[in-house]
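Worksheet for the structure shown next.
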Amino acid sequence: MPASVAAKALLLAEMTAQGVRPVELAERLGTTKQLVNRLLDRRHVTKIDAIDDALRALGKRLVLTVGDA
């Protein structure tokens, strides 16, 4: 699974855990609900920094690690 897709899944899980809807996250990010929906769409290419920004708006941060293949 690509890192961005995994990060999107984590973002969606955190939004669900906090009860945050896309429109509320959009307000926190100063953007539109449509952009947040694209952030969550696994078929849409999204920069990992944008996902990190969204997680930070939820009080979280994205942490990446490297492991053996």
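Structure data summary
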quantity: Residues located in region 12-34, provided they are more than 15 Å from Arg56 (Cβ to Cβ) and surrounded by 17 or more Cβ atoms within 10 Å (Cβ to Cβ); calculated: Pro22
quantity: Options Arg28, Arg61, Arg43; residue that is in contact (Cβ under 8 Å) with a residue 24 or more places away in the chain and either assigned to a loop (DSSP other than H, G, I, E, B) or over 15 Å from Ala3 (Cα atoms) (or both); calculated: Arg28
quantity: Test for Ala9: is it touching a residue at least 60 places away in the same chain (Cβ under 8 Å) and either out of contact with any strand residue (DSSP E or B) (no Cβ under 6 Å at 6 or more places or on another chain) or exposed (fewer than 14 other Cβ atoms within 10 Å of the Cβ) (or both); calculated: no
quantity: Check on Val20, in contact (Cβ under 8 Å) with a residue 24 or more places away in the chain and outside any helix (DSSP H, G or I); calculated: yes
quantity: Selected residue (criterion: surrounded by the fewest Cβ atoms within 10 Å (Cβ to Cβ)) from residues of region 42-62 that are among the aliphatic types (A, V, I, L, M) and farther than 16 Å from Pro22 by Cβ; calculated: Val45
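Laboratory data are not the source of any read-out in this text; all were calculated from the coordinates shown. Note that the structure is predicted; figures quoted are calculated from it, not measured. Glycine also receives a Cβ, built like all others from the backbone with ideal geometry; neighbour counts cover every protein chain displayed.
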